[in-house]
Structure formats: structure tokens, C-alpha cells
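Data first, discussion second: the structure below is written as C-alpha cells.
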Amino acid sequence: MAGPLVFVEGVRRVTMGEMVEVLLSDGSSRRGQVIEFTDRYALVQILEQSTGIDVLSTRIRFSGAPARMPLSPDILGRRFDGAGNPIDGLPPVLPETWRDIGGTPINPVAREKPSRPIVTGISAIDGLNTLVRGQKLPIFSAAGLPAREIAAQILRQAGTGEGERGPSSPGEKFAVVFAAMGITFRQASYFLHEFEHSGAAGRTVVFQNLADDATIERLLTPRFALTAAEYLAFDRGFDVLVILTDMTNYCDALREIATAREEIPGRRSYPGYMYTDLASIYERAGCIRGKIGSVTQLPILTMPDDDITHPVPDLTGYITEGQIVLSRDLHRNGIYPPIDVLPSLSRLMNLGIGPGKTREDHRGLADQLYAFYAQGRELRRLEAIVGEEGLSESDRRFRRFADAFEREFIGQGKRGRTIEETLEEGWRLLRRLPKDQLTRIRADHVGKRYGTAAVEAGRTGE
Amino acid sequence: MTEGGIIVRVSGPTVVAKNMAGARIHNRVLVGEDHLPGEVIRLEADRATIQVYEDTTGLGLGEGVTDVGKPLLAELGPGLLGSVYDGVQRPLHAIRAKSGDFIGRGLSSPPLDREKRWEFRPVAREGDVVCPGDVLGVVAETPRVDHLVMVPPGNGGAIRQILAGSFSVLEPVALLADGTALPMLQRWPVRTPRPFRRRLPPTLPFITGQRVFDVLFPLAAGGAAIIPGGFGTGKTVVEHSLARYAGADVIVFVGCGERGNEMTEVLADFPELTDPSSGRPLMERTVLVVNTSNMPVAAREASVYTGITIAEYYRDMGYRVALLADSISRWAEALREISSRLEEMPGEEGYPTHLASRLAGFYERGGRVSCLGGGEREGTVTIVSAVSPPGGDFSEPVTQSSQRIAAVFWALDPALAHRRHFPAVDWKKSYSLYTGAIDDWFRENVSAECTALRGGLMALLQREEELQEVVQMVGIDALQEQERIVLTVSRMVREHFLRQSAYSETDASCRPEKAFLMLKAFLSFHTLCRDLLARKVPVESVLALPFREELERMKELPEEGFRETVNALIARIVTEGGRDR
Ligand SMILES: Nc1ncnc2c1ncn2[C@@H]1O[C@H](COP(=O)(O)OP(=O)(O)OP(=O)(O)O)[C@@H](O)[C@H]1O
Ligand SMILES: [Mg+2]
């Protein structure tokens, strides 16, 4: 034994990845998974607490099969532990089918190019970093920042923009799969409360491994969640939004196993294969040709020491299609949601916006807001050095724009905005600056939206 | 085929089998009841260590292993263009037809369609004595690429018979005196470089269509460039732009351990996008080798070899081929993952100690060569690989080893990417060692002043950098008028010359003629400003000169008439300087 690992000798039949049951002398049992074997031993990682396992009296029963999940549409509204067992007091799911939780890769030629937005109701996302169905877009948070509130707000407000807003609105096949890994009971209850509150509970599947649950079980939790999500999306035609929180806890569990195996540690002692391992989770987002559903991922992670180069955010960023970065400065200044749009990026945004999807001026407007805000931030920095007198009148106007942008566009508070409202909010801010400076927006869009009272009054429909 | 191997160990993507005496390193094997393909990577007594090209989940102790007796081979012949393969050349469309939207286990399908018939037009005649590389005949593989059917290495002699007509890839089209029947398809071990006659010096450019590269850091045809950069700095967009616009006859794109959705974009767009030079769909010159990050790591390791073998094959026909690898770091990580299972002594950051030599071996397979066979064909394989350094830190082993080999370094800078300045090329860190060798070509074919223009641009950027430091410390008021003009012009150059949006309809690609002419116009404007200031013209009136907007819109002008328009603009700028004030 070594921490969460058990070496089992004298095994004759064993297969890679199969589940085992470890029978303890006191009659209890623990589940485990074979992660390596030779003709001399099998290496088993114990998913639950490994205390109580002693070398002499423990026996092991091999199941012959990898971890599987029973699936049927009845999983909607259900709650499971991190290893897929129901914890809501209801009977087990009557399976329509079973799937290996490891999944198999989507054939790249079967993928459909993502093209439809998910409206989250948050301007910093919908306006500047649009989330697209089939995308994986993580939230990079840090200790003390309200990532969970934002995620819950997205859950409350998100919709495909086609029906009414909100996951429970009629006419939408929209489902949420929520995987909690190592978060506290309080944090988890917050989410559960949100699901109930927003009426989304019936559209939600919850997998929860809490902070005081076994760490190693966490390695399975997202895989159960994604197996459920794939089933709902590709067998049942739902647009599924998967929230994975907190991926930093997941990675720490991965590190624990690697350390116990005495593997050669990589950066900050996370294993060298962490990229591949994370990819086996994040790449399970997408759309498939000829299928109506989709799997969209919104993983949440905590950047240790606010460090974006830490392996967890770094490797995540290398796999996901952009990132939403939260800012301590904005948070400190009371801006909610404190999304820093400069380092944030949705790489698939262009596929999900424009005429017929959001609006024809969306791209230009987003570029312009971004450019002015970046300029304003730069000037704010300069002002700190040279003082306000060092700035020209025009510079000051940009600096003030940045303040207003943070307060009014980003800092919308808890109320959701429609895409129209978000875009109009953007135009309202742009009108503070001279029309001839709006070089990133097509002239005819500026002509149509910049000046007239009718537009001002909010009549912005097509 | 030798059966009888027995699995005694499984760890990650590797398997150890006993009873494997007689197997050889790099032999292909079939592992377990599902016949998962694998490759022998180490032998000790009768034990073979095997890297398995599929997920090893479910493999059991004691299951069998069969030695195929041959190394991993690529199939080469008509039908490669337009194909999409995984890392070990399984055709992904055919696999989808077999197993659906998710890739099943133990599936195989021949890389080249066995049914499809190709019109073979013989070039060699009966009685000709042929050597490896000689052309037997031609197949119009796509409307833009003629596929030369060549005598494979290791064969030769008098032609006893040669056929004309329509054949499938396995049917013989020629018969040699020694009885060898040659079909259009040939096979080649992917880990062995294909032979050529001799190397040629890299004196011709590889035109990328990106101003910052072609003007500042040009790449030679047959050379190698690396694009290191942290996540989101624009490596993939550069690679995709090259796949679209680069001056090459054939593109082999290796998506090595990256995203599925990115491949989808290529797959959706390339059959529809046409390239301006031929007006044909891009897919007709493209081969995709796709092993996304969630596909098995051992196949990821093999993918770059599969890709480069296909590239060499088209090079042997005399084509200019580009091998675009995104990302070579993921290949190195696959190597590391496999080697850690072998319990080898790790080198720096856990990479195997042979990382540098393996990388060198890969880049060595690029080059400009005189091909085997008659007719003096000349072909090139140009390698451009993305590098994904952890934390964006270039001091790590993969960047370092690649940098020692590749003569072009296109470093991407996260600060520029955050400012949405794309391509986010850091002009201080980047370099090209080819400028000396290819400037003759540029001088003759593009611009007589190319070296001076490049120098002028670098000097301007350099000066801006110094001045920016001053501004950061004491504010813009500390600058002289001449210095302020430097900032103005360099800003114009950065925004409207170096910056080039991959999504612009007019500017996604730019021919070098246009690029150098644009640069000349910007620099003459700078000269004008300097002269006027020197003659005490107030800075406000200099900045109010009417040329700025025209300069900033140059990039959007159509190719047609560009030369005339911009030459006229330059002439007006020069005349303005001569005017009395
Ligand atoms: N030339 C360009 N023109 C316009 N936008 C660009 C350009 N290059 C990059 N971008 C923007 O930057 C984003 C990220 O670029 P890209 O996907 O190429 O990054 P990458 O370096 O490959 O990142 P990773 O290492 O994570 O794969 C793109 O989605 C796009 O929004
Ligand atoms: Mg990339």
C-alpha cells in the first residue's frame, strides 16, 4: 500500500481500467480501479478513503469491466455522488443503456462546426466573449472571487436565445450537468439552492464529490458527468451545459496519485501527462454532424496565487477555446461580475455571432469597445505616473470611458441582460466618444446606431 | 506474422509482452483480443515493450500479441490529397462509416481507397531501364496536382510491360524484367527518411502571405520555422493561414494533440475556400493528419512521422510541400509519456534524454533537394511547427531544442495578443537566418530595395521602443518633435502594416510585392515628415498632411492596380517634400 494505492499480488485475471471491490476485514468495502498491472501485481487506486485497508486481511474482487454508468432520460433531476451512486434517496436509474465513463473520442470528421450562441445574460460574455454551443470556455477564478455566483447566474439566465430565457423555459431542450469536485458543502448547497430556486432542478443532473469526500473519487466525477452529458446531447437531443467545478481540485487529485506512484513529477509536481488527461475531459465538448444536441463546457478553476501561468490554468488554456478571467481589482472596486475582458477571449465567438445569430453590428461593436477600453486602461496606468495634467483632454475622455465601461457595461450586477440590451448598453457607452473615432465599426452600422433618438430610446431590433 | 506473444504488463499507453523473441524494434504488432495496433519500442531478451496506438483500457493479462513482422508503413499513392487520417494513417471518414461518430476500438481500414480507379497515363516506355524515382506515368490526382507514379526506392531494371488506362491503386501498371509488378501504391516505413539525390542550398523563399514574416523574418523553401507562444497567442491561426495562402503545391497539416473543433473548421472551410493562384478548392492540395489531444498518445507520437513521410513523397515528385505541425510540443509530450512508462532515466523536465536528437531527426527530413530519378526534379519540404511552451516560457526543453535546429524563430508575444495585435509576432525576439541566402531572390523578383526597407523598418521599431521607455517614465512632453513623429509613424506601421487580420476579406494574405511597396510608402512618409520638421514646418501641419488615411487604407486595396496606385502615392509624398514652404 502507498497512500491511495494498493498493490495486489498473485492476480491471474485482470484488465486495464477495470473496477474492483476491496473487501475489508470489518466487512465493509471500498471501490477501486486498476491503473496498471504486471504478471506479478496489479496496481489499484482506491476511490474512497483508504484507511482501514490492511495488508494481510483485505481481499479484492475484480469486476472485469471499467466504470460504467446506467443512463436513461430519468437522470434529469437526479443527484449522484462523485462515483455515480444516487444520493437523493431515490432508487437507482433504470438503465436504457450503459456507457463506459472514459468515453471514446469524437471522430474529428464527425464534428460539426459550432455555430449557435448560448446567451448567458452577462454582457462581458455575450457582448465581448460570446459562448457558443459545443465550446469549452473555462472561468479562471482565484481565491475569494465570485466564480460560483457567476456560474450560478449563468445557469439561471442561460438559454439558447431561441426560446424564452432560462433553462426551464418552454420550447427549449436545454439541460445542465453539474459536477462538483472537492468544493465545500456550503458551496455545493449554494448551487443546489440555485437550481431549485430557478426552477431548473428538473433539467439538471448533479454529481457531487465534496471537500470531505475521497479525493481520488474526483478523478471519476467529471467523467460520469460528461458521460451523462453526451448521452443527453447525442442520444436525446439536448443542448447541455456542463459546469465542472473546481478543476484545480481535480488536478490536485491527479497529482496525489502521481506522487503515490512515484512518477517523475512535471512542473509544480503535477504529472507530465496532465495535458492529455485534461484533454480527455475538455475535448468531450462539441457538436456532431446530423445531431441536434450539443455539449458545452464551463469549467471553473482557481488560479493558485492568482498565477495564470500555474499548470492548472496554463494547461487548461492550451486545451479550451478561450477563457473568462476574473479580476481581483474589479472585485475590490465592487464591480460584479468582475470579468476582466482584456485577457478573456472566446475563440469561437465569430462562429456564433452576426446577422441571424445575434446582430450584424456585434463584431464591430465588440472590437470597438475592446479597443477603447484597452486604450483607457493604458491611459489609467499612464495617469498614475504622470498625473491627470499629463493627459490631453481627449486622453481623459478615454480614461473616463474605461471607468464607465467597467461600472456600467461589465458591472451589470445580478440582473441578466438580453443580447439586445447588452449591445445597446455598448452603444450607449460609445456615444460618449466622438463618432469619427469609431473606426472599428462599419460606417453604415455607425450611421444606423450612433446618433438618432429612436435608437437611443432602445428601439434596436432589426 | 508471428503469434504467441503474451501480455505481462500494461501501463498507460505501453504494454510489455513476453515470448516475443524474433520481433524487431519498430515492428508493428497487434495487441490483445481486439487486435489493437502497436509498435515495438524496446526489446529485452524475449520481452518486448510496445506502444499501443489505441486506448489500452480493457486489455487483459495474458492476452495475445502478434508480430506483423514489418514496421509501421505509410501507404503512398493517388488518393492522399483531400484525405483525413489519424496519426497512424487510418482514414477517418472510413472509420466513421464503420463505427459512427465516436472512434471505436481495433478498427482498421486501408489508407488508400482500394476500389477507386485512376486514369494512369504512362510516361516511361517498354524497354526503358528505370531506377528508383524515375517516373512511370502520371495520374491527375486532383485538377491542380498531377501525381507522378515513380519507381519505388529499391526497385529498377528494364520495363517489360507498361499499361495505360484506368486502374485501382493495387493493380500493377508496370512489369519489370525481374518480374516485379509495380502498382501505383507504394509503402514506406514512416520512421525512415525517403531518399533523394542531394541537398540543395535554401536560396528560394517560402512565401507565407503574412507581411511580418515575408518582410521581416522570411523563411526559405526547404527550411524550418518554429512558432513558439503561450496559449491563445495565435499559433494555430498562423498555421491555418499558411495552409490557406502559403506558396506551396501541397500542404500536409498535422494536427498533433490539439483541438477537435479546430480541425472541424479546416474540414468545413477547405473544400469551399479556393486558393487565388489556381482558383481550385484548397482541399485539393491538402492532406490532413489529425490526432487530437484526446486521441491516443502513441498515435500522436507517430503522427508527425506519418505526415512527414507523405510530405517527402510529394517532394519526390518535384513539388513544393509544406509540413505544418500543430503542435510539436504535444508530440514531445507523447514521447515523454511513453518514455516515462519505460522507466528511462529522464532528462530535463522529465523529457527523455534523446528528445533533442529525435527532434533534430524530424527537422532534418525537411529540405530542398534534387530528387531521385531522371528529369532533374527539384522538391522541397518546408516545416513550420508550433511550439507550446508551458507558461509561455521559452527556456523549456522543446523550445530550446527546436530553436537550435530551426533557422527561423517566429516568437509570439502574449502582450501583443492581449492587445489583439495579430499576428502577435515579437519583433525583438524573432529572427530568420535565411535573409542573406534568399535576399538575392527578393531583390530580383520583388523589390531591389528589400534589404534596406527591412532595415529601415527594424530601425524604426527599435527607436520607438527606446522612446516608449522614456514616455513611460516622464510622459510624452519630454519628447522632441522628431521623436513624436517616430511614434506616430511607427504606430501607423504597427497598426496598418505589421498587423494583419486572418479574418479580413481583403488582407488575410498579402503578396510580398505588395508588402514591400507598402513598407516603402510608409518609410517615405516618415522621411517626408522628418524633412519637413527639419525645415521648421510645425508638427501640427506635418501631422495634418493628407497622406495618412491613404497609407492606412493601402492594405485593403485590391491586387489589381496596386502597384500603380501606391507608386503614385509615393511619388506624391516625395513631391510634397520638394515643395517650397
Ligand atoms: N492573425 C490573426 N488575426 C486575427 N485574430 C487572430 C489572429 N491570430 C490569432 N487570433 C485570435 O487569437 C485567438 C487564438 O489564436 P490561436 O487559436 O491561433 O492560438 P494558439 O496560439 O494556437 O493557442 P493554443 O496554444 O491554445 O492552441 C484566435 O481565436 C483569434 O481570436
Ligand atoms: Mg493552437
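The values are calculated or read from the model by the stated rules, or taken from the named source; none is laboratory data. Values in this document were obtained by computation on a predicted structure and should not be read as measured data. We place every Cβ from the backbone using ideal geometry, glycine too, and count neighbours over all the protein chains shown. Quick note on the areas: whole protein, heavy atoms, side chains included, nothing else; ligands and nucleic acids left out. Shrake-Rupley method; radii C 1.70, N 1.55, O 1.52, S 1.80 Å.
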Quick one: grab the alpha carbon gyration tensor of region B:198-432, order the square roots of its eigenvalues as a ≥ b ≥ c, and give me rounded if a/c is under 1.5, else prolate or oblate depending on whether a/b is larger than b/c.
rounded
Can you give the charge dipole size of the protein assembly as shown about its Cα centre, rounded to the nearest 20 debye, using +1 on the beta carbon of Lys and Arg and -1 on the beta carbon of Asp and Glu?
940
Given only helices, namely DSSP H runs of n ≥ 4 each adding -39500 (n - 2.57), what is the per-residue ellipticity at 222 nm of chain B, to the nearest 500 deg cm²/dmol?
-10000 deg cm²/dmol
How large is the accessible surface of B:S241 in square angstrom, using a 1.4 angstrom probe and rounding to the nearest 10?
10
Antiparallel %, DSSP beta bridges [both residues in chain B], to 5
70
Cα-based helix-to-principal-axis angle, B:562-578 vs chain B, degrees rounded to 10
30
To the nearest 20 debye, region B:124-223 has a Cα-centred charge dipole, built from +1 on Lys and Arg Cβ and -1 on Asp and Glu Cβ, of 440
So the angle from the long Cα axis of helix B:435-445 to the longest Cα principal axis of chain B, reported in degrees to the nearest 10, equals 70
Tell me the relative contact order for chain A as a rounded percent, counting alpha carbon contacts under 8 Å between residues six or more apart.
16
Can you give me the C-alpha center-to-center distance between region A:196-270 and region A:1-32, rounded to a whole angstrom?
23
Span-like helix ranges in chain A, DSSP H, alpha carbon extent 18 angstrom or more, Kyte mean at least -1.0:
A:247-260, A:362-386
Mind checking which lysines have their Cα closer than 29 Å to the Cα of A:K173? Skip sequence neighbours fewer than 8 apart in that chain.
A:K113, A:K136, A:K291, A:K357, A:K414
Positive dipole terminus of chain A, leading residue within A:A110, A:L155, A:A258 (C-beta point charges):
A:A110
Sequence of A:D307, B:D393 when ordered by accessible area, the most exposed leading, probe 1.4 angstrom:
B:D393, A:D307
What accessible area, in Å² to the nearest ten, does a 1.4 Å probe give for B:L557?
60
Computed magnitude of the charge dipole of region B:2-71 (debye, nearest 20; Cβ of K, R +1, Cβ of D, E -1)
320
What does the accessible area of B:W441 come to, in Å² to the nearest 10, when a probe of 1.4 Å is used?
70
As I understand it, the value is the acute angle between the Cα axis of helix B:328-341 and the longest principal axis of the Cα atoms of chain B; what does it come to in degrees, rounded to 10?
40
Just grab the label-to-label distance for B:A544 and B:T203, each label 7 Å out from Cα along the Cβ direction, in nm (one decimal).
5.4
From the protein chains alone at 1.4 Å, what is the descending order of accessible area for B:D477, A:D367, largest first?
B:D477, A:D367
Going by the alpha-carbon gyration tensor, a ≥ b ≥ c the square roots of its eigenvalues, is region B:2-71 rounded (a/c under 1.5) or, if a/c is not under 1.5, prolate (a/b greater than b/c) versus oblate?
rounded
DSSP beta bridge pairing in the protein assembly as shown, given as percent antiparallel to the nearest 5
65
Restricting to DSSP loop positions (anything but H, G, I, E, B) with no more than 15 other Cβ atoms inside 10 Å of their own Cβ, which GluC sites (Glu not before Pro) remain in region B:194-276?
B:E272
So how do B:S329, B:S509 rank on accessible area, 1.4 Å probe, biggest first, that is with the largest at the start?
B:S509, B:S329
Rounded to the nearest 500 deg cm²/dmol, what is the calculated helix-only ellipticity per residue at 222 nm for chain A, with -39500 (n - 2.57) per DSSP H run of length n ≥ 4?
-9000 deg cm²/dmol
On the formula 1/(1 + (r/R0)^6), with r taken between the Cβ atoms of A:I292 and A:E196 and R0 of 25 Å, the FRET efficiency rounded to 0.05 is 0.35
Find how many whole Å separate the alpha carbon centroid of region B:187-259 from the alpha carbon centroid of region B:132-162.
26
Which residues' amide hydrogens lie under 5 Å from the amide hydrogen of A:V177, considering only partners 5 or more residues apart or on another chain, with H built in the peptide plane?
A:V205, A:L241, A:V242, A:I243
What's the center-to-center distance, using Cα atoms, between region A:389-446 and region A:105-150 in Å?
23
Rank A:Q49, B:T286, A:A285 by how far each Cα sits towards the positive end of the charge dipole of the protein assembly as shown (+1 on Lys, Arg Cβ; -1 on Asp, Glu Cβ) and give me just the farthest.
B:T286
DSSP-defined beta bridges in region A:70-351 - what % are antiparallel, rounded to 5:
35
